[in-house]
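Coordinate-derived values only; no laboratory data. Since the structure is predicted, the reported quantities are computational estimates derived from the model, not experimental observations. Neighbour counts are summed over all protein chains in view; Cβ atoms, including those assigned to glycine, are modelled from backbone coordinates with ideal geometry.
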Amino acid sequence: MTTRFLIYLTLLLLVCLLGLFQYKRLSRPYRLLTLFVLVTFLSELATRYFARVYVNSGPVYHLYLPVQYFFITAFYGNLLPRWKTALSWSWVVFVLLVLVNAMLYQSPLHFASNIILLSCPVYILCALLSFRNMLSLTDERPLLRQELFWYNTSTLFLYIFTFFCWSFYNILLKSGNTVSVATLTTVMYVLGLQYYIVTGIVIYLDARHSKKKDEQ
Amino acid sequence: MATNEKLSVRRLPFYLFLFLLGFLAFYVFDYMTKNPGTGNGYSPIESGAEKIDEKIAREYLNNYLIAQDSLGEAYKISTSGGKTLRGFWLSKKTLDEIDESIRKSGEKRDIVGYSIYFGKPETFARNSRQDINLVVRGTVPRKEGGGDAAKMMRVAEEEAPIEDAGDYFDTIDPCPIHCGSPSPEEP
């Protein structure tokens, strides 16, 4: 296990523990977010097991990606009531697409990058809709204290970059540009770290906000 | 849930999602157990090799010999004795030694094949004839390292998922002298 993967796992564990300790105080969407981090942590642990035993962690991602899609869209579904039904039915469509991809295009032994390309635009759209939704809602707190502002920004950063990275990855690889490939990997890693750090912060902010509301 | 704020999801799509996810999990599990090599922990290494008729095999061998013999001495691939090189004979003992060298190196991965490279014992300046030998090494499934780089590499599939391991072996006996019987006919 590399040091940077260990840092990533430790971060996931810390965010997960933070969410679980504050679970009772959290509002509905942030409970989903906590469970999402927990599933991510377990899934990443499973990838190490698969890499060790099967010399291939591809199968884990074929199962993890639809679960990730479920949690992120369910999170936004709770914040965007008008879109809740559409997002809910998209789970069924999405898992069907994962199945088709695994059967016809990227077998369970290959990394399911096609699925990432499908899911990223949905996450980006959800974040943008959530920003629009924030404008119509009145929140007395300053913008920088609002958890959604941070979470949406982080989501946009991560998934826009992830989408373009996976779109151009094979072209870069074919051109033999290993420096660019390594740089992309590092940027994705750093963006992944910022995403889970921000997720930890928003879970903390929501728990604190709920506590203040209870005290009033 | 401990409080009155329960997680809410649309039931019908959620149950359908769970059903399909279960099916997906079954498919992934089934795929891994049915594919040769994955059951014992290794990815199947695809190869285009398949059985061919003896007639076709002899045709290939003769085509090669005719092509070689039509070349001048400086271009013809030959044995150190100056005869047209027909092929090589790889002893079972050498293969076992290659396997053993991988095991001794502490590799826990299965040996899935052998890489066979062309070599030339002497420099072109010292020996301008094309008498070549082989350098052989065992291959194991490519190890997947941690992190995104390894995940990404598996998307492109530009290279076979194997890597060489263990010691290098040479002096793979040429034919002639080490020819099977019946040996490929002279053109």
Residues with amide H under 5 Å from that of B:N133, placed H, sequence gap 5 or more:
B:G119, B:K120
Values of log10 I(q)/I(0), in the order q = 0.18, 0.20, 0.22, 0.24 Å⁻¹, for region A:69-186 under a Debye, Cα-only, solvent-free model
-1.00, -1.12, -1.22, -1.33
Arrange A:R82, B:R129 by Cβ neighbour counts within 10 Å, fewest through most, would you?
A:R82, B:R129
Output the relative contact order of region A:1-114, whole-number percent, from Cα pairs under 8 angstrom with separation of 6+ residues.
24
FRET efficiency estimate (nearest 0.05) - Cβ-Cβ, A:W89 to A:D214, R0 35 angstrom:
0.50
For B:K92 and A:L20, what does the FRET efficiency come to when R0 = 41 Å and r is the distance between their Cβ atoms, rounded to the nearest 0.05?
0.10
Region B:91-103 - phi-based ³J(HN,Hα) in whole Hz, Karplus 6.51/-1.76/1.60, Gly and Pro as x
6, 4, 4, 4, 4, 5, 5, 5, 4, 5, 5, 5, 4
Between the alpha carbon centres of region A:150-167 and region A:95-122 the gap in Å comes to 18
Once fully extended, how much extra length lies between A:D139 and A:R82, figured as 0.36 nm per residue of separation less the alpha-carbon to alpha-carbon distance?
18.6 nm
Beyond 31 Å (Cα-Cα) in this structure, taken from A:K84/B:K34; B:K55/B:K104; B:K55/B:K76; B:K83/B:K104, we find A:K84/B:K34; B:K55/B:K104; B:K83/B:K104
Quick calc: nm separation of the 7 Å Cα→Cβ label points for B:K34 and B:I52 -> 3.1
Quote the relative contact order of chain A in percent (integer), defining contacts as alpha-carbon pairs under 8 Å separated by 6+ residues.
26
Among the helices of chain A (complete DSSP H runs), which have Cα atoms covering no less than 30 Å along the helix axis and a Kyte-Doolittle mean of at least -1.0?
A:28-53, A:58-79, A:113-136, A:147-174, A:178-215
Label-point separation (nm) for B:F118 and B:N62, each offset 7 Å from Cα along Cα-to-Cβ?
2.4
